[in-house]
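Undergrad: Take this structure, written in structure tokens, and hold onto it; I'll ask about it next.
The values are calculated or read from the model by the stated rules, or taken from the named source; none is laboratory data. For clarity, every value in this text was computed on a predicted model and none was experimentally measured. When we count neighbours, we look across all protein chains shown, and the Cβ atoms used for this are built from the backbone with ideal geometry, even at glycine.
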Amino acid sequence: MGVEVKFCSACGSAMEYREMDGHSRQACTTCSFVHWGSYSIGVGALVKKDDKMLLVRRAQNPGKGFWTNPGGYIEQLEPIEETIVREVMEESGIEAVVTGVAALRDQPRDIHNVYIAFAMDYVGGEPRPDNYEVDAAGFFTLEEMAEMNVAPFTRWLADIAFRGQSAGLLKDVAPIVPLNGNGLFRV
């Protein structure tokens, strides 16, 4: 069921359980607010330079000591493409641009997590850790990664980055209708 919400985040009134769409959902006793669940959206970068991919070594838990691709969580009002560019710069000092969506992970749990991995082109900079979230950064080949403490999910993403058979979802820069404020990707 997840976390129980006792008070409405819209008006502060008490919440109650109601049957909605075949599920027991928490709804406000005063206004129309419905708590649909708790969700988080994570993003990750697959930045390649020549025959190498950018990795950072986690300095904090979860994952302390593991090499992973740079990434993080989106901020409430931040466009997702800006999130991944910011996270790459913060964690590694590398400037990169989004070229497409390479992979997606769906992780249902108390706080349902969706993770979007972006294919990115290297623009510039030398890898340097932020010395807070990560304590090392660099570009590595698949062969080098085989000898490193790379997190299993990152190994899967590296396989996609190096051996993927698809261009993934590409940014729709000219949608058929104007949908300002939306990040749109398509085949």
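Undergrad: So is R86 out of contact with any Cys (no Cβ under 8 Å at 6 or more places or on another chain), of a type in the set (K, R), assigned to a loop (DSSP other than H, G, I, E, B) and within 17 Å of G42 (Cβ to Cβ) or not? Full working, then the answer.
TA: Numbers: out of contact with any Cys (no Cβ under 8 Å at 6 or more places or on another chain): yes; of a type in the set (K, R): yes; assigned to a loop (DSSP other than H, G, I, E, B): no; within 17 Å of G42 (Cβ to Cβ): yes.
No, not satisfied.
Undergrad: Name the single residue that is modelled with the lowest pLDDT among those in the range 89-109 being in a strand (DSSP E or B) and β-branched (V, I, T). Spell out the reasoning first.
TA: Start the filter on the range 89-109 by keeping residues that are in a strand (DSSP E or B), which leaves 95-107.
If we keep only those that are β-branched (V, I, T) too, we end up with 97-99, 101.
Details: V97: 96, V98: 95, T99: 92, V101: 95.
The selected residue is T99.
Undergrad: Just to be sure before I move on: is G138 in contact with a Pro (Cβ under 7 Å, 6 or more places away or on another chain) and outside any strand (DSSP E or B) in the structure I sent? Give the derivation first.
TA: On the way: in contact with a Pro (Cβ under 7 Å, 6 or more places away or on another chain): yes; outside any strand (DSSP E or B): no.
No, not satisfied.
Undergrad: Out of V5, V56, V114, which single residue is at pLDDT 95 or above and surrounded by 14 or more Cβ atoms within 10 Å (Cβ to Cβ)? Walk me through it before giving the result.
TA: Working: V5 fails: at pLDDT 95 or above; V114 fails: at pLDDT 95 or above.
It is V56.
Undergrad: Considering only residues that are farther than 15 Å from L46 by Cβ and part of a helix (DSSP H, G or I), which ones fall in the range 141-162? Even if it seems obvious, please write down each step before you answer.
TA: First, the residues of the range 141-162 that are farther than 15 Å from L46 by Cβ: 143-144, 146-149, 152.
Passing the criteria: E143, E144, A146, P152.
Undergrad: Would it be correct to say that A27 is of a type outside the set (D, E), free of Cβ contacts under 8 Å to residues at least 40 places away in the same chain and either in contact with an Asp or Glu (Cβ under 8 Å, 6 or more places away or on another chain) or surrounded by 13 or more Cβ atoms within 10 Å (Cβ to Cβ) (or both)? Steps first, answer last, please.
TA: Values: of a type outside the set (D, E): yes; free of Cβ contacts under 8 Å to residues at least 40 places away in the same chain: yes; either in contact with an Asp or Glu (Cβ under 8 Å, 6 or more places away or on another chain) or surrounded by 13 or more Cβ atoms within 10 Å (Cβ to Cβ) (or both): yes.
So A27 fits the description; yes.
Undergrad: Which condition breaks for R163 when tested against (1) exposed (fewer than 11 other Cβ atoms within 10 Å of the Cβ); (2) among the charged types (D, E, K, R); (3) under 19 Å from the mean Cα position of the chain (by Cα)?
TA: Only one criterion in (1) exposed (fewer than 11 other Cβ atoms within 10 Å of the Cβ); (2) among the charged types (D, E, K, R); (3) under 19 Å from the mean Cα position of the chain (by Cα) is unmet by R163, namely (3).
Undergrad: Please go through the range 115-128 and pick out each residue that is within 16 Å of R86 (Cβ to Cβ) and in a loop (DSSP other than H, G, I, E, B).
TA: If the condition is that a residue be within 16 Å of R86 (Cβ to Cβ) and in a loop (DSSP other than H, G, I, E, B), then G125, R128 are the ones that fit.
Undergrad: Could we say that K64 is closer than 16 Å to V134 by Cβ and either in contact with a Leu (Cβ under 9 Å, 6 or more places away or on another chain) or not in a strand (DSSP E or B) (or both) here? I'd like the intermediate steps shown before the answer.
TA: Details: closer than 16 Å to V134 by Cβ: yes; either in contact with a Leu (Cβ under 9 Å, 6 or more places away or on another chain) or not in a strand (DSSP E or B) (or both): yes.
It is true that K64 is closer than 16 Å to V134 by Cβ and either in contact with a Leu (Cβ under 9 Å, 6 or more places away or on another chain) or not in a strand (DSSP E or B) (or both).
Undergrad: Something else now. Is it true that some residue in the range 34-49 is of a type in the set (V, I, T), over 27 Å from the mean Cα position of the chain (by Cα) and over 30 Å from T141 (Cα atoms)?
TA: Let us first name the residues in the range 34-49 that are of a type in the set (V, I, T), namely 34, 41, 43, 47.
Now drop any that are not over 27 Å from the mean Cα position of the chain (by Cα), which leaves none.
Looking for residues that are of a type in the set (V, I, T), over 27 Å from the mean Cα position of the chain (by Cα) and over 30 Å from T141 (Cα atoms), one finds none in the range 34-49, hence no.
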